[in-house]
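Enquirer: The following block contains the structure, expressed as structure tokens.
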């Protein structure tokens with residue numbers, strides 16, 4: 001690593017931890033470390049949530065539908081096992097197009113969810 005004299009002078013005044021951070025910033029390895037911690041925190045937050053939670057319930061054309069929020073593994077199961085636009089509809093954030101694992105599900109699909117994942 002080649003440094004100018006003013007850079008070398010500044011570098012010598014840094015503590016060992018500060019030097020290590022500076023090298024991480026230069027290699028951009030700190031960014032991946034932050035992303036790793038962020039992903040672990042998001043996973044931990046998701047694990048604290050219930051598998052399936054009813055937000056609302058309504059009768060549509062004589063059939064009961066539930067608005068539910070769920071964890072990622074449950075939402076994957078819904079997409080694989082239900083028929084889109086017949087037994088479930090997904091809520092997507094219109095401004096960011098983010099999938100928030102929130103669905104409107106038919107009563108039959110909700111019963112299968114409860115049997116598969118519990119309440």
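Please treat every number below as a calculation from the coordinates, not as lab data. Because the structure is a prediction, the values reported are computed rather than measured. Reconstructed Cβ throughout: ideal geometry from the backbone, glycine too, with neighbour counts over all protein chains shown.
Enquirer: Please compute the Cα-Cα pair-distance distribution of the stretch 52-117 with 10 Å bins starting at 0, giving whole percents from short to long.
Expert: Histogramming the stretch 52-117 at 10 Å steps yields 22, 58, 19, 1 percent.
Enquirer: Sort 108, 80 so that the residue with the fewest other Cβ atoms within 10 Å of its own Cβ comes first and the one with the most comes last.
Expert: Details: 108 12, 80 7.
Placing the least packed residue first, the sequence is 80, 108.
Enquirer: Applying 1/(1 + (r/R0)^6) with R0 = 22 Å to the Cβ-Cβ distance of residue 119 and residue 56, what FRET efficiency is obtained, to the nearest 0.05? All intermediate terms of the calculation are to be shown ahead of the outcome.
Expert: Numbers: r = 16 Å, r/R0 = 0.75.
It comes out at approximately 0.85.
Enquirer: How far apart, in nm, are two points set 7 Å out from the Cα along the Cα-to-Cβ line at residue 63 and at residue 18?
Expert: Label-label distance for residue 63 and residue 18, simple model: 6.6 nm.
Enquirer: Next up: Quick check on the exposure proxy: order 105, 114 from fewest to most C-beta atoms within 10 angstrom.
Expert: Details: 105 23, 114 12.
With the fewest neighbours first, 105, 114 line up as 114, 105.
Enquirer: If you don't mind, there's one more thing I want to ask. So for 112, 44, fewest C-beta neighbours within 10 Å to most, what's the order?
Expert: Values: 112 17, 44 9.
Least crowded to most crowded, the residues run 44, 112.
Enquirer: Next question. Determine, from the Cβ-Cβ distance of residue 92 and residue 72 and an R0 of 22 Å, the FRET efficiency 1/(1 + (r/R0)^6), rounded to the nearest 0.05.
Expert: Working: r = 15 Å, r/R0 = 0.69.
About 0.90, to the nearest 0.05.
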